[in-house]
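Just below is one structure, and these are the notes that go with it.
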Amino acid sequence: DEQIRSHDELQAMGVHELYNACCVALTNIPDDEWRKGSKARGNVRKPGAPPLQQICVGLIRTAHFRGIPMPACRTWDYLGLTRLLLAYVHKLAQEQAREQGEVFVIESRRPGTTLQINKSVECAPHRDK
């Protein structure tokens, strides 16, 4: 089962510790879980390439919900991983800003809403909508 860390625990972790925790969590996902999303995003796969191994977490917009952002189904399966990845990206951005002598500010006009996690994927040239 997946470990879900508290907000305080994630905040106390450094970039390298978060990176290692993300790697362990991703490595622990069984191969059959990666293949569950293999039918989606057919426009991304190169002709003749094997099915995609992917997991999508976070908020997605679909016609079914009339474009209202809703949590992707796999978000609930991988809530701990989702939180880990978001903490890692946030902490990494903070560290890079500090190294460049900049102030880290989350740009609220273009917030990230979805994490597309791919395993061993060779994509065809494409542009996401």
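The values are calculated or read from the model by the stated rules, or taken from the named source; none is laboratory data. Because the structure is predicted, anything quoted here is derived from the model rather than measured. Neighbour counts run over all protein chains shown; Cβ positions are idealised from the backbone, glycine included. To get the accessible areas, we keep the full protein, side chains included, count just its heavy atoms, and leave off ligands, DNA and RNA. Shrake-Rupley method; radii C 1.70, N 1.55, O 1.52, S 1.80 Å.
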Any chance residue 86 is at pLDDT 75 or above and surrounded by 15 or more Cβ atoms within 10 Å (Cβ to Cβ): yes
Residue tally, condition free of Cβ contacts under 8 Å to residues at least 12 places away in the same chain, open to solvent by 80 Å² or more (accessible area, probe 1.4 Å) and more than 19 Å from the chain's Cα centre (by Cα), over the range 45-77: 7
Restricting the range 103-129 to residues that are open to solvent by 80 Å² or more (accessible area, probe 1.4 Å) and among the hydrophobic types (A, V, I, L, M, F, W, C), the residue that is modelled with the highest pLDDT: 103
Failed condition for residue 1, given (1) modelled with pLDDT under 90; (2) part of a helix (DSSP H, G or I): (2)
Per-region count, the range 4-34, residues within 16 Å of residue 119 (Cα to Cα), outside any helix (DSSP H, G or I) and open to solvent by less than 90 Å² (accessible area, probe 1.4 Å): 2
Scan of the range 75-99 for residues that are more than 11 Å from residue 22 (Cα to Cα), part of a helix (DSSP H, G or I) and of a type outside the set (A, V, I, L, M), ordered by number: 75, 76, 77, 90, 91, 94, 95, 96, 98, 99
Failed criterion for residue 77 (all others in (1) within 26 Å of residue 125 (Cα to Cα); (2) touching a strand residue (DSSP E or B) at 6+ places or on another chain (Cβ under 9 Å); (3) among the acidic types (Asp, Glu) hold): (1)
Tabulated pairs, the range 5-20, first in contact (Cβ under 8 Å) with a residue 60 or more places away in the chain, second among the basic types (Lys, Arg), C-beta under 7 angstrom, 6+ apart or interchain: 5/83; 10/83; 15/91; 18/91
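Conditions tested, residue by residue: (1) on the phi < 0 side of the Ramachandran plot; (2) at pLDDT 85 or above; (3) basic (Lys, Arg).
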| position | (1), (2), (3) |
| --- | --- |
| 5 | yes, yes, yes |
| 29 | yes, yes, no |
| 34 | yes, yes, no |
| 37 | yes, no, no |
| 46 | yes, no, yes |
| 53 | yes, no, no |
| 61 | yes, no, yes |
| 72 | yes, yes, no |
